[in-house]
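K.L.:
Have a look at this one.
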Amino acid sequence: MTPTFNLDYKKSKAPKTTITRDMNELTSKVGNVYEAVAIISKRANQISASLKRELDNKLQDFSVDRGDIEETFENKEQIEISRSYEILPKATLIATQELIDNQIVCSNGSNTSHRDEMLR
């Protein structure tokens, strides 16, 4: 089962460029650096897959079937949709911000931290 996330990534507080983070702040959330990196990585993969699925669904309207070859012709609306996704913060930056803002549920066997979303 794939979890559904209600976060609007376009309204994310995540920075659009890479910034220096206080590792003590990140590790205080989960215990150690490796666990924090693993959690951020897993959540970033989920965000990236979700954004790709959303973008593919929006761009699918622009696909035109030409016999046995499917071609997509670019038009102004399609370019605007693509640009709106290009200016979003990277998935790793969104995931890091979510961890800092306590918006992720991290479960490790019997050790569970209560947060807003769950990693699977």
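K.L.:
Note the full-extension length gain between residue 18 and residue 59 as 0.36 nm times their separation in residues minus their Cα-Cα distance, in nm to one decimal. Intermediate values should be presented prior to the final figure.
P.N.:
Details: separation 41, 0.36 × 41 = 14.76 nm, distance 2.82 nm.
Between residue 18 and residue 59, full extension yields 11.9 nm more.
K.L.:
Okay, moving on. Which order, highest average first, do 98-105, 19-26, 30-37 follow once you tally other Cβ atoms within 10 Å for each residue and take the mean per peptide? Kindly include the intermediate steps, with their values, before the conclusion.
P.N.:
Details: 98-105: 17.9, 19-26: 10.6, 30-37: 14.4.
Per-residue mean Cβ counts within 10 Å order the peptides as 98-105, 30-37, 19-26.
K.L.:
Would you mind getting me the FRET efficiency between residue 48 and residue 79? Use the beta-carbon distance for r and R0 = 25 Å, nearest 0.05. Show your work: numbers first, answer last.
P.N.:
Details: r = 21 Å, r/R0 = 0.85.
So the FRET efficiency works out to roughly 0.70.
A short reminder: the numbers here are calculations on the coordinates, not readings from a lab. What you see is a predicted model; the values in this text were computed from it and never measured. Note that each Cβ is placed from the backbone with ideal geometry, even for glycine, and that neighbours are counted across all protein chains shown.
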